[in-house]
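Remarks on the structure that follows.
Just so it is clear, none of the values below were taken in a lab; they were calculated from the coordinates. Just so we're clear, the structure is a prediction, and the values are computed from it rather than from any experiment. Using ideal geometry, Cβ is built from the backbone for each residue, glycine included, and neighbour counts are taken over all protein chains shown.
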Amino acid sequence: MVYGYARCSTNEMRQDIDRQKRELKKLGVKDDKNIFWEYESGTKDDRAELQKLLDIVKPGDSAYTA
């Protein structure tokens, strides 16, 4: 399975996460449900969507960030 993770540090009014989602699709993430995204600081240790991704990725899967 191919997954993607997109993150912006500020809210949707200041940054557009859709560009990252488009890039992930170009990298082979075919299904929107396989793109995990959130607006969180990169310094936070408890990013919920990143943790969801890490919980489902198995050996042989691919995970990309944009």
Subject >> Sequence-distant residues sharing a close amide H with Tyr3 (under 5 Å, placed H) >> reply: Ser62, Ala63, Tyr64
Subject >> Per-residue [θ]222 nm for the chain (sum of -39500 (n - 2.57) over DSSP H runs n ≥ 4, rounded to 500) >> reply: -7500 deg cm²/dmol
Subject >> Under Karplus coefficients 6.51, -1.76 and 1.60, residue-wise ³J(HN,Hα) of the range 55-65 in Hz, glycine/proline x >> reply: 6, 9, 5, 10, x, x, 6, 10, 10, 10, 10
Original post:
What is the set of long-range amide H partners of Trp37 at a cut-off below 5 Å, with H atoms built 1.01 Å from backbone N?
Top reply: Ala6
**OP:** With a ≥ b ≥ c taken as the square roots of the eigenvalues of the C-alpha gyration tensor of the chain, please select rounded if a/c is under 1.5 and otherwise prolate if a/b is larger than b/c or oblate if it is not?
**Re:** oblate
Subject >> Set of aspartates and glutamates with alpha-carbon distance to Lys25 below 18 Å, sequence-local pairs under 8 removed >> reply: Asp16, Glu38, Glu49, Asp61
Subject >> Percent RCO, i.e. relative contact order, over the chain, from Cα pairs under 8 Å lying at least 6 residues apart >> reply: 52
Original post:
Which of these, Ile17, Ile56, Ile35, has the largest mean-square fluctuation under a Gaussian network model of the chain (Cα springs below 10 Å)?
Top reply: Ile56
Subject >> About the Cα centre, charge dipole magnitude for the chain (Lys/Arg +1, Asp/Glu -1 at Cβ), debye >> reply: 260
